[in-house]
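Since the structure comes first, as structure tokens, the remarks are kept for the end.
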């Protein structure tokens, strides 16, 4: 199954063709995974529902970007911690193609260059690439054409894909829902960036058609600061997480169920308003470091911030006044709207208020937010798929901005759901039994570092999965979203217990590879990554040791070993889970992981580069996420490329081999190791380069490699390199990889 897009079809024609499916952009509700019991043909009805949800999402996203007046604005870095908007215009469409290819649901790309360049988003991870010199951005017209081609291809895929109900995580429909919800996340994050653009760069007012004006209408109601009382919340037990059989799509970090006892506390009736936060600002809140955490002080010194990000200070002296920047307008600071700040600013306000009141004022935890949600009366307690109308300023049902903090009472409290996201003091961590989805392992795992705090409740532009009670999104504490906060008061020593310190590695596949790369030698077999490097380096002259690429670097041992000899090593892997381990080691952390011994018994190990004598080498390694079969153009000019036990795990190994020569300098080396365990789970059988019969005759992998490489490479050496993978204390896998070393040029 491989529907192809029509290159000749214009974006306008594609949008017109699907106009009936994208009608009624808001409100839209996330698709249930289960069958509609009233449908005559439940599968056909669900397929039609998926198509509508997909096209509504595409159209809504393009409506947001249509607000940009000039193409030049797409290429400005309005937020230094993010890519230019041209990246975010393309990225969600790229996501569909890359995930469908990774899942082997389709086999051809729409535009390999765009799909390599726009593959990985940015959250300041060490393996993100914000170096603008690495990007030759495509034109806006090219991205529009690309999005149109993807829209046709994905629509055709939805119509033809196998579909069983309920939709499960191994279903192609799950990948479509994953792409849809991913695009809706970027709808929100892109709107945050747009609030940092010059207002003249955006279409507004009379430039917008009537339906656009309605979609992007800004609230104009503002007034004085309303009183914000402290209200009691009784002791209760809350259930966190999403059960495996939930009827809605969820991200990996949402699954699992944990019960937490929450002692009684008091909470502010409303979100903190601009007017309340103004008192903190005018009391020198940004100048007095005693209110700030150590992390907050570092952020203050770096940014020189003096007020919230979306406030504008106009005038001087007695005439000075604050204004607020919204998506499409600026207005005198609406004192009764929620303040929008990062987590560090929210923490500082709580410390300031605690000093003024003598109370233990804190940000809430995730369990506190659930406790607040449990106070909602039945009329407001339903979740998004069951809403007839949103109970608050969410789902884009009430316009495209915040609204007064007292506009949406939901029982005793206002805005438990909606208006702006609410910072918690809970660093995101997985629930017990956490498992990544194999096709999107970098959604949550990189954030389990203690540096990303959860936000809850949704904002005015939170749609789809974001509007569900189970939604768990987290950002670094200095990041900005459409996010504010609601402080709580706890009795000292009466804090809710949360799972917030599981920083050790528990992912079984990752721990197995950590043991393989960094654990003690087993069965008398030398450490495999080190043995490979020591064998390969004998063939590299001293004057050809400038730059190395370790492709499929896994958790990083071979990259660190190569860095003992090379001036620079690029370490690239498809899996963020693996890269994260290497980065933590590189940053000087001790990495703790557990390995099974027997039954349910485990053994803890602690590793560090210092213990291995690799500290100096670590500074010469750059970890990046990438697809070996579709690498960015920046990966070039190498003296040596190492593909360790990779070739039989690629979806198209011949494509990798065909492209890698252009990335190696003349006379440079390509080093390949593999036990040649070809499996259709990883590589379609027609893509195997060996280990099969061809025209009735056996074709070995070495013969296949030789046929593919010899026109440009010559074989320098071939050796067997044994390795051992530990399963338990008394069970090990013993394998023998074949190492072949090829020199470019004949």
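The values are calculated or read from the model by the stated rules, or taken from the named source; none is laboratory data. Treat the numbers as computed from the prediction; the structure is a model and nothing was measured. Cβ: placed from backbone, ideal geometry, glycine included. Neighbour counts: every protein chain shown.
For the residues 361, 339, the requirement of being in contact with a strand residue (DSSP E or B) (Cβ under 7 Å, 6 or more places away or on another chain) and more than 30 Å from residue 218 (Cβ to Cβ) singles out 361.
Yes/no matrix, rows are residues, columns are (1) part of a strand (DSSP E or B); (2) at pLDDT 95 or above; (3) assigned by TED's automatic domain parsing to the domain that holds residue 482; (4) in contact with a helix residue (DSSP H, G or I) (Cβ under 9 Å, 6 or more places away or on another chain):
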position: 323; (1), (2), (3), (4): yes, yes, no, no
position: 328; (1), (2), (3), (4): no, yes, no, yes
position: 364; (1), (2), (3), (4): no, yes, yes, yes
position: 367; (1), (2), (3), (4): no, yes, yes, no
position: 370; (1), (2), (3), (4): no, yes, yes, no
position: 391; (1), (2), (3), (4): no, no, yes, yes
position: 396; (1), (2), (3), (4): no, yes, yes, yes
position: 401; (1), (2), (3), (4): no, yes, yes, no
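Yes/no matrix, rows are residues, columns are (1) at pLDDT below 95; (2) within 29 Å of residue 628 (Cβ to Cβ); (3) in contact with a helix residue (DSSP H, G or I) (Cβ under 6 Å, 6 or more places away or on another chain); (4) buried (at least 18 other Cβ atoms within 10 Å of the Cβ):
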{"residue": "43", "(1), (2), (3), (4)": "no, no, no, no"}
{"residue": "48", "(1), (2), (3), (4)": "no, no, no, no"}
{"residue": "71", "(1), (2), (3), (4)": "no, no, yes, no"}
{"residue": "74", "(1), (2), (3), (4)": "no, no, yes, yes"}
{"residue": "78", "(1), (2), (3), (4)": "yes, no, yes, no"}
{"residue": "84", "(1), (2), (3), (4)": "yes, yes, yes, yes"}
{"residue": "92", "(1), (2), (3), (4)": "no, yes, yes, yes"}
{"residue": "107", "(1), (2), (3), (4)": "yes, yes, no, no"}
{"residue": "111", "(1), (2), (3), (4)": "no, yes, yes, yes"}
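Against the test of being buried (at least 19 other Cβ atoms within 10 Å of the Cβ) and in contact (Cβ under 8 Å) with a residue 12 or more places away in the chain, the options 21, 33 yield a single qualifying residue, 33. Among the candidates 696, 704, the residue that is at pLDDT below 95 and more than 30 Å from residue 601 (Cα to Cα) is uniquely 696.
Here is the figure for region 259-306: residues that are under 30 Å from the mean Cα position of the chain (by Cα) and at positive phi total 1. For region 289-305, how many residues meet the condition of being surrounded by 13 or more Cβ atoms within 10 Å (Cβ to Cβ) and assigned to a loop (DSSP other than H, G, I, E, B)? The qualifying residues number 3. The conditions of being under 34 Å from the mean Cα position of the chain (by Cα), over 23 Å from residue 418 (Cα atoms), in the same structural domain as residue 49 (by TED's automatic domain parsing) and assigned to a helix (DSSP H, G or I) are not met by residue 180.
Quick grid of which residues meet (1) surrounded by fewer than 21 Cβ atoms within 10 Å (Cβ to Cβ); (2) more than 25 Å from the chain's Cα centre (by Cα); (3) on the phi > 0 side of the Ramachandran plot; (4) in contact (Cβ under 8 Å) with a residue 60 or more places away in the chain:
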| site | (1), (2), (3), (4) |
| --- | --- |
| 334 | no, yes, no, yes |
| 347 | no, no, no, yes |
| 366 | no, no, no, yes |
| 383 | yes, no, no, yes |
| 399 | yes, yes, yes, yes |
| 412 | yes, yes, no, yes |
| 415 | no, yes, yes, yes |
| 419 | no, no, yes, yes |
